[in-house]
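The values are calculated or read from the model by the stated rules, or taken from the named source; none is laboratory data. Here the structure is a predicted model, which means the values were calculated and not measured. Using ideal geometry, Cβ is built from the backbone for each residue, glycine included, and neighbour counts are taken over all protein chains shown. These area figures cover heavy atoms from the full protein model, side chains too; ligands, DNA and RNA do not enter into them. Shrake-Rupley method; radii C 1.70, N 1.55, O 1.52, S 1.80 Å.
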Amino acid sequence: AVNALEKTYTKEFVESHTHPEPVDCPLVFIIGMPRSGTTLTEQILISHSQIETRGETTNAGCSLDEILTGNNIPNCPKDALARYLEMTGEVKGTYVIDKMPANYRFLGAIHILFPNAKFIHVKRDAVDNCFSCFTTQFLEGHDYSYDFENLASEYHNYELLMKLWHNVLPEDCIIDVKYEDMVADQQKESTRLLNFLGLEWEDSCSEFYKLKRNVQTASLAQVVQPIYTSSLNRAGKYGDLLKPLKEALDDVSGS
């Protein structure tokens with residue numbers, strides 16, 4: 001699948017399929033591997049008065065299928081955005097977040113439909129990220145997370161796809177944030193993300209944990225309390241027990 005996307009999504013392909021008259025777009029897609037810090041990033045950003053969220057209720061893959069099928073296929077970004085908001089609801093602020101981590105698989109198609117959409121890519125240490133997936137009992141999907149080799153393969157494919165999108169999409173549509181940096185200096189990293197969106201810092205973003213909402217991801221415990229650091233280098237506590245995972249990651253990265 002990754003090879004097919006690499007062959008299809010070249011810079012020339014993206015440029016030739018992007019509408020010459022894109023419209024202002026309020027959509028912000030937070031992407032990354034599961035358990036990488038996407039929910040924490042979302043919680044901080046929606047503490048801002050001009051940002052709201054649809055949570056993980058809208059998978060861009062499904063939404064794109066619906067937008068691109070039937071008798072009303074959009075012929076411009078304005079029509080595509082109208083269709084998208086018809087499915088997910090109107091935007092009350094300046095931006096609305098669509099936080100489905102696995103949307104990183106669809107960035108090329110999303111960009112072509114919504115040329116002015118923004119992508120916030122949350123990245124975490126590979127071993128910590130994979131180990132967190134391994135120890136999480138997901139409600140559905142993510143069958144790869146119960147085996148070190150499958151986990152490593154999934155993580156490697158994710159890294160390849162993000163490298164592809166960085167190479168073929170405009171530089172100003174994607175920003176990376178490291179989970180470890182967010183935990184180390186939340187205000188600095190949050191301000192950087194807000195600046196990316198053209199927004200000013202608000203003090204409410206430092207008290208994100210006071211925001212009351214229904215969080216349905218495995219990160220619930222982290223977003224209802226101030227930043228803590230116990231999740232950093234969590235895998236390091238297990239020493240050689242995680243040697244098979246580290247070797248699996250090394251194997252796929254060297255292949």
Worksheet item: Here is a list of conditions, (1) under 30 Å from Glu6 (Cα atoms); (2) in contact with a helix residue (DSSP H, G or I) (Cβ under 7 Å, 6 or more places away or on another chain); (3) open to solvent by 40 Å² or more (accessible area, probe 1.4 Å); (4) small (Gly, Ala, Ser), and Ala152 meets all of them except one; can you say which number that is?
Response: (3)
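Condition check: within 16 Å of the chain's Cα centre (by Cα), of a type in the set (Gly, Ala, Ser) and in a helix (DSSP H, G or I). Does Ser206 satisfy that?
On the way: within 16 Å of the chain's Cα centre (by Cα): no; of a type in the set (Gly, Ala, Ser): yes; in a helix (DSSP H, G or I): yes.
So Ser206 fails the test.
Please state which one of Ser49, Ser145 is loosely packed, with under 14 Cβ neighbours inside 10 Å and at pLDDT 80 or above.
Result: Ser49 is the single residue among Ser49, Ser145 that is loosely packed, with under 14 Cβ neighbours inside 10 Å and at pLDDT 80 or above.
Table: residues versus (1) at pLDDT below 95; (2) within 22 Å of Ala4 (Cα to Cα); (3) surrounded by fewer than 17 Cβ atoms within 10 Å (Cβ to Cβ).
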{"site": "Val177", "(1), (2), (3)": "no, no, no"}
{"site": "Glu207", "(1), (2), (3)": "yes, no, yes"}
{"site": "Arg213", "(1), (2), (3)": "yes, no, yes"}
{"site": "Thr217", "(1), (2), (3)": "yes, no, no"}
{"site": "Lys237", "(1), (2), (3)": "yes, no, yes"}
{"site": "Lys243", "(1), (2), (3)": "yes, no, yes"}
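Please enumerate the residues belonging to segment 104-134 that are of a type in the set (S, T, N, Q) and touching a Ser or Thr at 6+ places or on another chain (Cβ under 9 Å). Don't jump to the end; show me each part of the working.
Of the residues in segment 104-134, the ones of a type in the set (S, T, N, Q) are 116, 129, 132.
Of everything in segment 104-134, those that are of a type in the set (S, T, N, Q) and touching a Ser or Thr at 6+ places or on another chain (Cβ under 9 Å) turn out to be Asn129, Ser132.
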Worksheet item: If you check Val14, Val23, which single one turns out to be part of a loop (DSSP other than H, G, I, E, B), closer than 20 Å to His111 by Cα and either at pLDDT 95 or above or among the aliphatic types (A, V, I, L, M) (or both)?
Response: Val23
Practice prompt. Please go through segment 130-142 and pick out each residue that is over 18 Å from the mean Cα position of the chain (by Cα) and open to solvent by less than 40 Å² (accessible area, probe 1.4 Å).
Written response: Phe131, Thr136
Discussion item. Residue pairs, Cβ under 8 Å, 6 or more apart or interchain, first in segment 121-132 and closer than 23 Å to Phe106 by Cβ, second assigned to a strand (DSSP E or B) and open to solvent by less than 10 Å² (accessible area, probe 1.4 Å). List them.
Written reply: His121/Ile31; His121/Val177; Val122/Ile30; Val122/Ile31; Val122/Val177; Lys123/Val177
Worksheet item: Is it the case that Lys163 is at negative phi, within 16 Å of the chain's Cα centre (by Cα) and open to solvent by 60 Å² or more (accessible area, probe 1.4 Å)?
Response: yes
Worksheet item: Looking at (1) modelled with pLDDT under 85; (2) open to solvent by less than 40 Å² (accessible area, probe 1.4 Å); (3) in contact with a helix residue (DSSP H, G or I) (Cβ under 7 Å, 6 or more places away or on another chain), which is the one condition that is false for Val127?
Response: (1)
Worksheet item: Which of the residues spanning segment 1-11 are part of a loop (DSSP other than H, G, I, E, B) and either free of Cβ contacts under 8 Å to residues at least 12 places away in the same chain or surrounded by fewer than 22 Cβ atoms within 10 Å (Cβ to Cβ) (or both)?
Response: Ala1, Thr10
